[in-house]
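Heads up: the structure comes next, in structure tokens.
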Amino acid sequence: MKPARFDYIRAETLAEAHAALAAHGGEARVLAGGQTLLPMLSMRLARPGVLVDIMRLHEIARYGIERDVIRVGAGVRQAQLQKMFELDKVQPLLAKALPWVGHAQTRARGTVCGSIAHADPSAELPLVLVALGGEVELSSARHRRKVAGEEFFTGPLSTARADDELVEAVTFPSRRPGYGYAFREFARRHGDFAIVACAAVARTDGARLAIGGVGDRPVAREFAQADRTSLTEALDAFSWELDARDDAHASAAYRRALVRQIGHAVIMEAEQCRV
Amino acid sequence: MHAVTDKPPGWLGRSVERLEDAALLTGAGRFVDDIAPPPGTLAAAILRSPRAHARIGAIAIDAARRLPGVAAILTGADVAAMSAPLAAGIKAPLECWPIAIDRARYVGEPVAVVVASDRYIAEDALDLIAVSYEPLPAVVDPIAAMQPTATLLHDKLGANIASDRSFCYGDPAAQFAAAATRIAVSVRYPRNSCTPIETYGVIAEYAASDDAYDVTANFMGPLSMHPVMARALRVPGNRLRLRTPPDSGGSFGVKQGLVPYIVLIALAARLAGRPVKWIEDRLEHLSASVSATNRVTKLAAAVDADGRVRALDWDQIEDVGAHLRAPEPAALYRMHGNLTGAYDIRHVCVRNRVVLTNKTPSGLNRGFGGPQVYFALERLMQRIARELGLDPLDVIRRNLVPTGAFPYRTATGGLLDSGDYAGAIERAVAQGTLAELRARRVNARGQGRLYGIGYAAVVEPSISNMGYITTVLTAQERARAGPKNGAFATATVAFDPLGCVSVQIASTPQGQGHRTVAAQVVADVFGLAPADVRVLGELDTARDAWSIASGNYSSRFAGAVAGAVHLAAQRLAAKLKRAAATQLNVAPDDVVFAGARAQARDNRDNAMAFSRLAAATHWSPGLMDAGDHALRETVFWTPPELAAPSDADAVNSSLCHGFIFDFCGIEIDRVTGAVRVDKYVTMHDCGRVLHPGMVAGQITGGFAHALGAALYEEFAYAPDGSFLSGTFADYLVPTAMEIPQPLMLHMETPSPFTPLGAKGVGEGNCMSTPVCIANAAADALGVDQVELPLLPARLAAHFHPREEFPKGTTAATAVAIGARQGDGAMTLHGRGVVEIARVPQDVWAMLLDAKTLAAIIPGAGAIEKLSETHFRVDVTLGVGPVRGDGHALVL
Amino acid sequence: MPRLSADRQHSVRFELNGREVEAQAEPRMLLSDFLRHVLAMTGTHVGCEHGVCGACTVEIDGMAARACLTLAVQVEGARVRTVEALAPGPGRLSILQEAFRRHHGLQCGFCTPGILMSLDIFLRAHPAPSEIDIREYLSGHLCRCTGYAPIVAAALDAAEKLREADIIG
């Protein structure tokens, strides 16, 4: 289990990173925390010709509140964001979901943007991004653009990022008055990728529920404020739309059942958390 | 027999700090990959079959051979030319090689070995080897494999059944006819493995001048595999020097599976003309090291109305995977003498079949045969209670071997050495507060929660009889082969010229603290402190005392090896006492060793330093008895109780039999189906306890393995034989968050058959815990059938509301969107549905057309038609960061 | 911008257990291999090479890190600590190491170096952890021998002793 050979570029400025990606395109991979890329390299599932290490770029190693969003730069590690002052007040959903991301030892190295860019359908941070309606900031030597989380994820491990683009930052909307947030996940072991993960945002006029671990990407759905019966039916329909599948750990029917039950519970919990 | 032995004064029985730990805690351990190999050592990497079953055509190695740094490439043809198959315990036309020769029979089977200057380059070279595979149908289910129409794994065998033996003890037919009822269970035990955190490692050298191999490997024994390896390498036994490193990172049986790799890497070293080192990686370990057997068992009991069992009828189908690898089918026979468990059942019939399937070959794994047997037996006891409307604990109690009946000869020939099963159960019920647990169940159920209680009573065999495996042979076959029996343990104790004590043991410790306990034993005999005694745990077959039974398996250390250490130390002590008697002017019997001194029993001032006495034997041999000057004693100890199987196939398969009684309360989550172990009580009688801390460690460690087997771990295979548990993200080893702390209870009835009265304790919970938890789950759900591992999805199926298809869809379309089967963990799948409005024959014709295939398979390049139904398609897959060129074969 | 070519060895300089070291590595060399086979620091063990088992955990710039998920070239200029640095001196053990020995928190000792490194970092940041805190943190490590209970006991005991030592010190 040793990686195939690659060149290693230690970018020292954002422009250098862009230039490297522009020069090597699909042959290059961005190396940030490395917590998912390194196993793929060692298993030789990924064989990039060039790795572009962006962890020395001070300009993207920051996070902070900008207007009504938390902007998290590409160099910010998951553990750093988890320790953000009053994160549970700034964005409760992030505070609730981050402890479910891997283990403390991988959060210490893994980056927030790296998890988003990797786009595992069972990962928590992509789910939170979609649930909150956050955005991905992509930059390259050519241009900069913002893509809504829902459009960024295009399939398992697949995103709207072009080969020369860097996920420079992601933005999570901050907590909004009157909104409630809840997160629940079921995995077979603590710290595993989810079999079903549910993130809900409750408003006065309804709720938004996002599901991870079931479809080929995190998927969100709006549920209008309605009585319990129609919510149950709507959740049932949602569970079928997710295209659940069987694997060694759980059946598709089981995943749908959890979407219905945990989805319901998490919406109710978000309702109760509204402040 | 009730008495708990009084703790003798001394070191044994105390939880002294381990002598091993200072090095291990500071990073100074010496594991196989830490040892500096000989200069010029090269690294090996192994190319493995991605297919469960295929004929191997050409293996193109030229490109790999040309890669700078590559020294040699070994394929099946080289291995066939240089060696012989690994011998097995069954006389059948089966050849077991350490590498695929012309045919791959499981995912992960070695196909080629690259030897290169380092592991990175060796893996680069693997990428450059092109193997032509012609796929064959794979069979993964043992029942399917037994069908006459099943694809054959080994053509010469003519079937996939390697052995089919029936046994009868007493008169079970009459008992079944006379009993009130026949109650049966039909169960499957899954595949799993204890996966030590350190993987396999081998460093091999070949000396052409001597035609001799020198191998260092973290092999755990049994050393009965040494002759198997020497024969495979086609050298006399004294030309295979096998050594083990000082430390080994856990084994639990699994490092017995090094045998084929020792042979393979030794051959690679010979071919390369240089020493070769191979360190297995985790992916190799999970897919292709070794697995416990999966087993399909039908077990029926002839039962009286009060739950008394008169007879058992066993039908066991053992799935050993793709090859019958020695010592298999031992897992099927290890429990033969105790197939009646903790129960007094005089009539037993057994049918044992050994079946081959396209899965990794099986081998030793903690519990070895026990989890499979007790899963059936203790599920049966619960079923009897359920069908007869009795309390499961009462059914257990009613059938126990009576207190006072020990040593008890079982129907199948086992000799249960000691115990008080009823007494142990009553203590556990009281000290583990079963009544309170029952109240908890009533309360939980009152709230609508799914709460269940499970029980398991288990006899834990240890110190296996080297002859038990021959029970698979008929009496005539055994007579021809010559009797096999016994269980040699060896130990050496010696003095050096400064009077210091050294001990060497052939138990190849894998982390259990053997060195500490051996030091305790010797310290007690000589009146020293354990830290004064140096114990070597590494084994060198060229220099040390060993026999075929040597090694670290069958929980044999405390009973056998520590006993041999004790006997060796006592022999030296007797000699020293005679020497001291002369100097102290007392009778030898009046010499006492205590406080690092030899002293007169009645006058402590009449004494000399122990080291001076022991050293004097070097400097003044005249002090010693004439003719017995040896300052070093080696003991070979084997118990007479371990006789060869009788002509009637009765076998005392193990020397010692500990007793375990477990009960637990579990709750199943109404939403997720996840099991929470609320309380777990485990009562052990493992004879005399030599080191309570280590006994506790064996119990908590075994419990963790067992909980993993019960709830999380499975080597899963898709129907086509692809392996679904290839990483530690797929094969789920429980963490500190999943393993609760069991309540451990003890009692001691010493074994009359071991020198120190100790029995094994390392494997029992792997036998008792999976079925105890399964019984609790069956109780919680009120169902007859539960399957391991207790996947939340499987349990939830019992109580999740029935799904209704969404409005606007039909069942067919809903199933099409919702229930596609069989994606492997590493399989990448596309989305989208191709609608083909044609009759099936047309679809089939289209799929058999190479051009059409190229059009509909994403990324398909060249397509080669191999036969009417087989195509080879070169595929480039690109999903996210994953880009790979591979050869996909489409059936 | 430094570009290290794939097929050459490159100098990597960093601080290892308080000492400046410099050695050569190809870009693809994993830190676990670099420590063990180039720098002969074999205390850091390799159990899975895909970041799950935690046996290779070391400290990089104050944070726990899987050495198998780190390239050697990534630690250029970093401060790295391994299990070899934990004991206060030859023949001595740290409070945490002593607690492991006292509680039989290890059997084969193969996973132990990673667990010790993780707990050493954790207990510095969380001097008074609860049992569940420790279990949750330990869930980033696999141990197959102990069943974890004695490790948890050792960690709780070490935390208490470290607090006492802190008060006295």
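The values are calculated or read from the model by the stated rules, or taken from the named source; none is laboratory data. The model shown is predicted, which means the values in this text are computed figures rather than measured ones. Here the Cβ is made from the backbone with ideal geometry for all residues, glycine too, and neighbour counts use every protein chain on show. Heavy atoms of the whole protein, side chains included, go into the accessibility calculation; ligands, DNA and RNA do not. Shrake-Rupley method; radii C 1.70, N 1.55, O 1.52, S 1.80 Å.
Please state the charge dipole magnitude for the range B:183-251, taken about the Cα centre, from unit charges on C-beta atoms (+1 on K and R, -1 on D and E), reported in debye and rounded to the nearest 20. Could the numbers behind the result be given before it?
Details: 7 positive and 6 negative charges, 81 e Å.
The dipole of the range B:183-251 has a size of about 380 debye.
Restricting the calculation to Cα atoms, chain A shows an Rg/Rh of 0.98 when the hydrodynamic-style radius is the Kirkwood one.
Per residue of the protein assembly as shown, what 222 nm ellipticity follows from adding -39500 (n - 2.57) for every DSSP H run with n ≥ 4, rounded to the nearest 500?
Numbers: 39 runs with 382 residues, N = 1335.
Counting only the DSSP helices, I get -8500 deg cm²/dmol.
Phi-derived couplings, Karplus 6.51 cos²θ - 1.76 cosθ + 1.60 at θ = phi - 60°, listed residue by residue for the range B:156-164: 5, 5, x, 7, 9, 9, 8, 7, 9 Hz, with x used for Gly and Pro.
Counting Cβ atoms of other protein chains within 10 Å of each residue's Cβ and taking the mean over peptide C:82-90 gives 2. According to the Kirkwood relation over distinct C-alpha pairs, the hydrodynamic radius of the protein assembly as shown is 32.8 Å.
Close amide H contacts of B:Lys679 (hydrogens built in the peptide plane, cut-off under 5 Å, sequence separation of 5 or more or a different chain): B:Gly665.
Based on the alpha-carbon gyration tensor of the range A:149-275, what equivalent-ellipsoid semi-axes (square roots of 5 times the eigenvalues) come out, in whole Å, largest first?
Details: eigenvalues 112, 88, 36 Å².
With the √(5λ) rule applied to the range A:149-275, the semi-axes are 24, 21, 13 Å.
Report in % the part of the accessible area of the range A:180-272 that belongs to carbon and sulfur, leaving out ligands and nucleic acids; probe 1.4 Å. Summing carbon and sulfur atoms, their accessible area is 52 percent of the total for the range A:180-272. Across peptide C:132-143, the mean count of Cβ atoms from other chains lying within 10 Å of each residue's own Cβ comes to 6.
Normalised per residue, the accessible area of the range C:10-85 is 28 Å², obtained with a 1.4 Å probe and no contribution from ligands, DNA or RNA. The label point for A:Glu12 and the one for C:Glu164, both projected 7 Å from the Cα toward the Cβ, are 5.2 nm apart.
For the range B:636-738, trypsin sites (Lys or Arg not before Pro) are listed when DSSP marks them as loop and at most 15 other Cβ atoms sit within 10 Å of their Cβ; the list is B:Arg670. Given a 1.4 Å probe and the protein chains as shown, C:His37 ends up with an accessible area of around 100 Å².
Other residues whose C-beta falls under 12 angstrom from the C-beta of B:Pro742 contribute a net charge of -1, scoring Lys and Arg +1 and Asp and Glu -1. Restricted to Cα atoms, the range B:627-711 shows a radius of gyration and a Dmax of 21.2, 78 angstrom.
Please compute, for peptide B:691-701, the average count of beta-carbon atoms on other protein chains lying within 10 Å of each residue's beta-carbon. Write down the numbers at each step before the final one.
Numbers: counts 1, 1, 4, 2, 0, 5, 10, 4, 2, 9, 10.
Taking the mean over all residues of the peptide, I get 4.
Remark: the range B:354-371, residue by residue, has Karplus-estimated 3J(HN,Hα) of 10, 10, 9, 9, 7, 9, 4, x, 8, x, 5, 7, 2, x, 4, x, x, x Hz, where x stands for each Gly or Pro and the curve is 6.51 cos²θ - 1.76 cosθ + 1.60 at θ = phi - 60°. On the range C:95-168, 56 percent of the accessible area sits on carbon and sulfur atoms, based on a 1.4 Å probe.
Between the residues A:Gln35, B:Ala112, B:Gln382, the greatest Cα displacement towards the positive end of the dipole of the protein assembly as shown, with unit charges on the Cβ of Lys, Arg, Asp and Glu, is found for B:Gln382.
Keeping every protein chain in place, order A:Val30, A:Val266, C:Val38 by accessible area at 1.4 Å, biggest value first, i.e. largest first. Numbers along the way, then the final one.
Values: A:Val30 40, A:Val266 0, C:Val38 60 Å².
Ranked list, largest accessible area first: C:Val38, A:Val30, A:Val266.
Computed over the range C:10-85, the P(r) curve from all C-alpha pair distances, binned at 5 Å from the origin, holds 3, 18, 32, 30, 14, 3 percent per bin.
List, in the order given, every pair from B:Lys255/B:Lys359; A:Lys2/B:Lys277; B:Lys679/C:Lys161 whose Cα-Cα distance in the structure shown is over 25 Å. Kindly include the intermediate steps, with their values, before the conclusion.
On the way: B:Lys255/B:Lys359 18 Å; A:Lys2/B:Lys277 16 Å; B:Lys679/C:Lys161 30 Å.
With Cα atoms farther than 25 Å apart: B:Lys679/C:Lys161.
Once all protein chains are placed together, B:Tyr408 keeps about 20 Å² accessible to a 1.4 angstrom probe.
Close amide-amide hydrogen proximity is noted between A:Phe223 and A:Ala207, A:Arg208, A:Leu209, each under 5 Å apart and 5 or more residues distant or on a separate chain (H modeled in the peptide plane; Pro and chain starts excluded). Interface B-C: total buried accessible area of about 4000 Å², 1.4 Å probe, protein heavy atoms only. Across chain B, the fraction of Cα-Cα pairs farther apart than 52 Å, rounded to a whole number, is 20%. Sorting B:Phe406, A:Phe172 by solvent-accessible area of protein heavy atoms yields B:Phe406, A:Phe172, largest first, with a 1.4 Å probe. To the nearest 10, the accessible area of B:His323 is 10 Å² with a 1.4 Å probe.
Just checking the listed ones, A:Ala224, A:Ala248, A:Ala202: in the Gaussian network model of chain A with Cα springs under 10 Å, the one fluctuating most is A:Ala248. Calculated accessible area for chain B comes out at 35 Å² per residue, all protein chains present (probe 1.4 Å; ligands, DNA, RNA ignored). By its C-alpha gyration tensor, with a ≥ b ≥ c as the square roots of the eigenvalues, how is the range C:1-149 shaped: rounded for a/c under 1.5, else prolate for a/b larger than b/c, else oblate? Since a/c reaches 1.5 and a/b is larger than b/c, the shape of the range C:1-149 is classed as prolate.
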